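Peer 1: This is the structure, below, for whatever I ask next.
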């Protein structure tokens with residue numbers, strides 16, 4: 001039962017990032033609420049309201065139909081406009097920043113809530129309108145209270161539309177995009193650091209272990225940690241997860257190593273806890289934040305955009321994220337009942353720093369302001385407490401690579417003197 005719950009939770013976490021999830025959920029609620037109100041109207045809820053607050057109830061069939069039709073048409077118009085704005089937002093973000101930021105923008109729950117409110121209100125008003133069926137009978141009572149709720153929901157839609165315009169105008173600003181990516185990655189890194197012990201537990205040599213292969217193709221996003229730990233404990237297994245989280249895994253390549261041979265049934269049970277998808281979210285993989293922020297910075301330095309200010313901002317955010325990353329171990333081992341059960345292959349600090357720096361060295365080495373900012377970033381990191389002593393060596397190596405490129409690229413003596421001064425200060429922290 002626990003295993004099933006964890007899988008359902010993992011599946012929900014995956015689909016809630018889709019742009020249609022919450023609108024569909026709200027539409028479902030709107031339809032069923034309309035059915036509930038039609039049932040309550042049969043029980044005489046409008047009659048009760050008329051007896052106590054008659055001013056709130058519309059008791060004319062033509063007026064009620066005209067009003068609901070008018071309001072529903074208006075909501076459809078603003079919903080179409082809102083969807084168009086979302087498409088414009090995604091197109092601009094892809095063109096000006098990076099296509100990698102799109103999943104994060106699409107998964108913005110506030111925008112999904114607004115679109116969901118529109119759909120729920122449209123369905124509610126439509127089925128309430130269908131329920132208005134006056135007959136030439138004295139005992140027939142129009143669903144006046146339901147019409148009143150339709151008017152209230154429409155007013156809520158107008159308020160949501162104003163919020164949506166404000167939110168969409170904020171979401172397209174590069175500073176807000178960077179801040180959103182940074183906060184998600186920071187939250188993920190802090191959670192990892194909180195769960196990480198002072199020292200990494202030992203894990204056996206896996207060179208002679210049995211390899212098992214992926215049954216799916218897609219980006220390896222995450223796995224059900226608790227489920228896999230329970231399986232390892234019950235079956236007395238130790239598992240090494242081979243692919244780095246976030247990489248594209250092809251069907252048929254090795255995905256795990258296990259300390260002994262297992263049955264096909266048990267293998268399928270283990271692999272069912274791995275989540276593959278075509279998209280990537282920072283909430284699942286903090287490394288993606290480094291990629292996205294770097295790509296935004298590099299795109300800003302392209303000739304078509306030429307925005308060094310944004311590139312400098314991206315370096316500021318990367319500095320803060322690297323400051324959290326150097327507090328983390330390069331190895332991740334999950335323990336249960338004092339036994340090392342799962343070894344997770346992760347991107348080590350040296351590789352992560354190299355991939356970021358090689359992009360900036362390639363595209364920003366001619367801009368002295370960006371170069372200075374990169375040296376300032378590495379100087380700051382050298383002053384921080386590192387989890388491993390090798391991290392500082394990695395930082396100094398990247399600083400040396402950057403300095404070498406600068407010597408070959410920048411010709412201005414004044415700029416070179418300034419860079420020499422910064423580099424000598426940075427190098428002093430190695431002593």
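The values are calculated or read from the model by the stated rules, or taken from the named source; none is laboratory data. Computed from a predicted structure; not experimentally measured. Counting neighbours? That spans all protein chains shown, and the Cβs are built from the backbone with ideal geometry, glycine included.
Peer 1: Of everything in the range 406-431 that's within 37 Å of the chain's Cα centre (by Cα) and buried (at least 18 other Cβ atoms within 10 Å of the Cβ), which residue is farthest from residue 379 (Cα to Cα)?
Peer 2: Here the residue is 406.
Peer 1: Kindly establish whether residue 324 is under 28 Å from the mean Cα position of the chain (by Cα) and in the same structural domain as residue 191 (by TED's automatic domain parsing).
Peer 2: yes
Peer 1: Any idea which of (1) surrounded by fewer than 20 Cβ atoms within 10 Å (Cβ to Cβ); (2) modelled with pLDDT of 85 or more is the one residue 360 doesn't satisfy?
Peer 2: (1)
Peer 1: Of all residues in the range 165-179 being surrounded by fewer than 17 Cβ atoms within 10 Å (Cβ to Cβ) and within 16 Å of the chain's Cα centre (by Cα), which is farthest from residue 323 (Cα to Cα)?
Peer 2: 176
Peer 1: Restricting attention to strands (runs of 3 or more DSSP E) lying wholly within the range 187-299, give those where 2 or more residues are modelled with pLDDT of 85 or more.
Peer 2: 210-213, 239-241, 254-258
Peer 1: Test residue 385 against the stated conditions and say whether it is over 30 Å from residue 209 (Cα atoms), surrounded by 14 or more Cβ atoms within 10 Å (Cβ to Cβ) and touching a residue at least 24 places away in the same chain (Cβ under 8 Å).
Peer 2: no
Peer 1: Being without any contact (Cβ under 8 Å) to a residue 40 or more places away in the chain, touching a strand residue (DSSP E or B) at 6+ places or on another chain (Cβ under 8 Å) and crowded, with 17+ Cβ neighbours inside 10 Å, is that true of even one residue in the range 241-251?
Peer 2: yes
Peer 1: Can you spot a residue in the range 162-177 that is in a helix (DSSP H, G or I), in contact (Cβ under 8 Å) with a residue 40 or more places away in the chain and under 30 Å from residue 386 (Cα atoms)?
Peer 2: Scanning the range 162-177, I find at least one residue that is in a helix (DSSP H, G or I), in contact (Cβ under 8 Å) with a residue 40 or more places away in the chain and under 30 Å from residue 386 (Cα atoms), so the answer is yes.
Peer 1: Which residue, of 375, 349, is over 30 Å from residue 333 (Cα atoms), crowded, with 16+ Cβ neighbours inside 10 Å and either modelled with pLDDT under 90 or under 31 Å from the mean Cα position of the chain (by Cα) (or both)?
Peer 2: Testing whether each residue is over 30 Å from residue 333 (Cα atoms), crowded, with 16+ Cβ neighbours inside 10 Å and either modelled with pLDDT under 90 or under 31 Å from the mean Cα position of the chain (by Cα) (or both) leaves just 375.
Peer 1: Looking at 300, 311 in this structure, which one is more than 21 Å from the chain's Cα centre (by Cα), assigned by TED's automatic domain parsing to the domain that holds residue 359 and under 16 Å from residue 181 (Cα atoms)?
Peer 2: 311
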